[in-house]
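Student: Have a look at the structure that comes next, please.
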Amino acid sequence: VVSLIIIICFAASHYGGYSSDLFRAGIGAVLYIIVSLVSVIGGTGDGARIAGGVFGLIAGLLFAYDTYTIFLHIKSTRQHTAASTAVAP
């Protein structure tokens, strides 16, 4: 279910630019980390569930890194040039 939501967000942001990509990656990171933590914490005695949770945490960290790099790109492209302080003659 989580992967389906991520695919829908990715499809919606395919033509949306960096802001939509930031939204998609941020939602993906949060969803994967929450679901994976629930799986790891509640998976006592179930090795497959714990393994799935660990792989989900890795995917969540990758989405978080993607969010960070997109944020840096947006931040670097939105910097304003310094205003001229020269006095007109």
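The values are calculated or read from the model by the stated rules, or taken from the named source; none is laboratory data. This is a predicted model, so every value here is computed, not measured. Side chains are part of the model used for accessible areas, which takes the heavy atoms of the whole protein and leaves out ligands, DNA and RNA. Shrake-Rupley method; radii C 1.70, N 1.55, O 1.52, S 1.80 Å.
Student: Given the structure, is R49 within 21 Å of L4 (Cα to Cα), modelled with pLDDT under 80, in a helix (DSSP H, G or I) and basic (K, R)?
Tutor: No; evaluated as a whole, the condition is false for this residue.
Student: Of all the residues that make up segment 23-34, how many are open to solvent by 50 Å² or more (accessible area, probe 1.4 Å) and within 14 Å of Y68 (Cα to Cα)?
Tutor: The number of residues fulfilling the criteria is 3.
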